[in-house]
Amino acid sequence: MFQYEFMLPSGFILNLPKAELHLHLEGSVDPGTLSEISLRHTRPFTSTNPSYTPAPDSGRPLTPEDALALYTYSDFTGFIRAFKTVTECLRTADDFELITYRLMQRLHAENILHAEVYVSAGVYLWRGGDFDSLFEGMERGRQRGQRDFGISLLWLFDAVRQFGPAEAQRVFEAAARLRHRGVVGIGIGGDERQHPPGLFHQPYAYARANGLRLTAHAGETAGPQSISGALDALHAERIGHALTAASDPALLARLVEDQIPLEICITSNLRTGVCASASDHPLERYFRAGALVVLNSDDPAMFGTSLTGEYQLAHDTFGFTESDLFRLAANSFRASFLDDARKQHYLSLVEAVEQQT
């Protein structure tokens with residue numbers, strides 16, 4: 001199988017017990033697996049939604065080299081096109097079982113003990129088809145992975161801003177219906193600039209009333225008002241990316257004071273061009289200010305990274321010490337949607353490693 005090269009972490013980073021909280025299932029599909037799956041399907045992708053336009057390159061089998069080329073882009077728009085193609089290669093329950101199991105295999109290799117994984121439920125519901133069948137495949141993969149690797153994994157159903165509030169409501173209703181199957185919460189991604197948080201107040205209120213935990217991508221491609229809106233209009237409990245909070249001192253002070261978890265994805269921000277360079281990234285500023293920062297890989301296969309790679313980047317580029325990295329690892333469990341007893345269990349594992357170091 002084609003092997004994607006991730007940054008090699010130090011033994012110290014590999015040994016850290018960690019959680020990952022901002023991780024997209026579809027973005028974890030490495031080029032070899034994407035090629036393997038595309039070869040299963042000989043017919044072009046079709047959608048039952050007449051408003052849905054398939055990606056132009058989704059109808060042909062992909063070699064690993066084709067898949068790697070697909071993952072080569074210079075801006076956010078290019079990434080979105082590639083992500084769309086990946087979702088159109090994933091068509092059956094068996095496809096989703098395979099990618100879930102292989103994701104958990106990689107998590108295990110990085111000593112990631114718990115993950116909260118976004119699924120693009122908004123895309124699958126919008127384009128039509130039997131989403132419940134696809135979810136059954138995910139669940140088979142999750143159960144096999146838990147059995148074989150001892151990893152805890154929970155699902156987050158992601159809606160798409162461009163599809164509007166009614167479609168977000170459909171996503172959150174599906175999440176509420178499947179809460180007993182490992183679905184812990186919901187989120188929303190897509191075009192922040194044209195679809196501000198206030199449009200989605202009602203669907204988020206529904207999700208909250210039905211016991212779902214609330215996340216939101218905000219401040220990735222839009223200004224700090226997108227983050228404020230996610231907090232005030234949506235009552236988001238965690239913020240994905242939060243890059244533009246750096247331009248609003250009052251907002252940053254609020255995030256620090258309220259200890260709102262910030263799901264930071266360094267390599268993702270650099271690869272999509274929403275952050276021009278590592279020196280411009282606000283990670284260190286947030287961390288030194290006392291924000292509850294959590295490192296994540298976002299779409300690791302599509303960005304050529306891994307969670308351990310992000311920790312290594314924090315150490316090598318931003319000067320994070322071993323003590324800082326222990327704090328990041330502890331943050332990852334504190335910010336999770338696990339119950340208090342399980343959080344404390346994982347935190348005790350981090351503390352045990354720190355005492356031995």
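Annotations
- Cα pair distances exceeding 16 angstrom across the range 267-356, given as percent: 59
- Cβ charges +1 (Lys, Arg) and -1 (Asp, Glu), total dipole of the chain, debye: 700
- Where the chain is the region considered: accessible area per residue in Å², 1.4 Å probe: 39
- Global geometry of the range 177-246, whether rounded, prolate or oblate, following the gyration tensor of its Cα atoms and the 1.5 cut on a/c: prolate
- The chain: most fluctuating residue of 283, 255, 178 per GNM, C-alpha cutoff 10 Å: 178
- The range 273-303 and the range 312-354 have their alpha-carbon centroids 16 Å apart.
- Within the chain, helix-based [θ] at 222 nm, where runs of 4 or more DSSP H residues each add -39,500 (n - 2.57), nearest 500: -14500 deg cm²/dmol
- Largest-first principal axis extents, alpha carbons of the range 147-273, Å: 42, 37, 30
- Per DSSP, loop trypsin sites (Lys or Arg not before Pro) in the range 11-82 with at most 16 further Cβ within 10 Å: 40
- Orientation-averaged projected area, Cα convex hull of the chain (nm²): 16.3
- In a simple Cβ point-charge model (Lys, Arg +1; Asp, Glu -1; nothing else charged), the range 231-357 has a dipole of about 20 debye relative to its Cα centre.
- Here the convex hull built on the C-alpha positions of the range 40-97 has a volume of 98 cubic angstrom per residue.
- The three principal axes of the Cα atoms in the range 233-304 give end-to-end lengths of 34, 25, 20 Å, sorted in falling order.
- Full-extension gain in nm, residue 259 to residue 191, via 0.36 nm per residue minus C-alpha separation: 21.9 nm
- Gained length - residue 278 relative to residue 345, 0.36 nm times residue gap less alpha-carbon distance: 20.7 nm
- Note that the range 35-47 has calculated 3J(HN,Hα) couplings of 5, 4, 6, 4, 6, 6, 10, 8, 9, x, 5, 10, 10 Hz, one per residue in order, obtained from phi through the Karplus relation 6.51 cos²θ - 1.76 cosθ + 1.60 (θ = phi - 60°); glycine and proline are x.
- Evaluated at q = 0.16, 0.17 Å⁻¹, the base-10 log of the normalised Debye intensity for the range 108-198, with identical point scatterers placed on the Cα atoms, takes the values -0.67, -0.74.
- With every protein chain in place, the chain: carbon and sulfur % of accessible area (1.4 Å): 51
- Equivalent ellipsoid dimensions for the range 39-136 as semi-axes, Å, which come from the Cα gyration tensor, largest first: 23, 18, 14
The values are calculated or read from the model by the stated rules, or taken from the named source; none is laboratory data. This one's a predicted model, so the numbers in the text were calculated from it and none came from an experiment. Cβ sites come from the backbone with ideal geometry, for glycine too, and all protein chains shown count toward neighbours. Please note that ligands, DNA and RNA were not included when accessible areas were found on the heavy atoms of the full protein model with its side chains. Shrake-Rupley method; radii C 1.70, N 1.55, O 1.52, S 1.80 Å.
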